[in-house]
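These notes concern the structure reproduced below.
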Amino acid sequence: MTSSIKPIESRSVTEQVTNELRRSIVAGDLAPGSTFSLRSIADQLHVSFIPVREALRNLEGEGLVITRPGRSAQVTPLDLEDLRAIYRLRGNLEPALARESCLVITDAELDRLHEQAVEYGKTHHSIHTVFEAHHAFHAEILAPAATSWDLRVLNSVWRAAERYIRIGFGKQNPGENTRIKGEHERLIEVFRGRDPDAVAAAVLSHLKENEQSARLALVDEPRAVALEF
């Protein structure tokens, strides 16, 4: 059992336990395929058994854990077919939303997102810090065209994709912050052109490159070093 889960100092609500377990799974602190008892998690988080059980139900619904008979659970293993399904969903939804969003998102919002993208390139940020912020970037650039249900679905598949990417990346590549900065600056520039076809194509290309990088990491190819959520 890993010791990297951060203890929750006081009795926690289920949402807090869910968030901490999700963070540990997505970051790879709880390894894919690993099993653990609900009691051991409760002890590490300094909470009772009940919120852990409820949190695991939430995470099972997100595809991150598999609950087992008795009081144990397994972190869902990584799988090529699951990765393909994740990116099929993203490829159907994100380019379509981007086509609409580019016509209504304001210049001021694009300026703000550009500043956010520039921030990714600063070398004092760890790759994990960049991933945390860049989830919000993708939500915000699509938000003008997205419904609450779109965002619920996207949040679920983004978390699933991020787990593959962050675990596959392993340790930070010194040039990765600069690469991520450049990728997102280019997306902003395409959005500024207000051409729905060009925007949809750019988003789809972005997703295909990310999926390929994740696939290479999953089969342990040494080339898989340029990974991104």
* Structure fact -> Looking across region 61-81 at residues that are more than 25 Å from T147 (Cβ to Cβ), under 22 Å from the mean Cα position of the chain (by Cα) and charged (D, E, K, R), the single one that is surrounded by the fewest Cβ atoms within 10 Å (Cβ to Cβ) is E81
* Restricted to region 1-21, and to residues that are of a type in the set (D, E, K, R) and modelled with pLDDT of 90 or more, which residue is surrounded by the fewest Cβ atoms within 10 Å (Cβ to Cβ)? -> E15
* Give region 26-55 a look and list any residue that's assigned to a helix (DSSP H, G or I) and under 18 Å from the mean Cα position of the chain (by Cα), or say none. => V26
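Among the residues of region 136-177, write down those that are closer than 24 Å to L218 by Cα, in a helix (DSSP H, G or I) and either modelled with pLDDT of 95 or more or of a type in the set (G, A, S) (or both).
Within region 136-177, the first condition is being closer than 24 Å to L218 by Cα, and the residues that meet it are 138, 153-177.
With in a helix (DSSP H, G or I) added as a condition, the list becomes 138, 153-169, 176-177.
Within region 136-177, S156, A160, A161, G168 meet the criteria.
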* **Residues within region 30-86 that are touching a strand residue (DSSP E or B) at 6+ places or on another chain (Cβ under 9 Å) and on the phi > 0 side of the Ramachandran plot, tallied** => 2
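The values are calculated or read from the model by the stated rules, or taken from the named source; none is laboratory data. Just so you know, these numbers come straight off a predicted model, no measurement behind them. With ideal geometry, Cβ positions are generated from the backbone for all residues, glycine too; neighbour counts draw on all protein chains shown.
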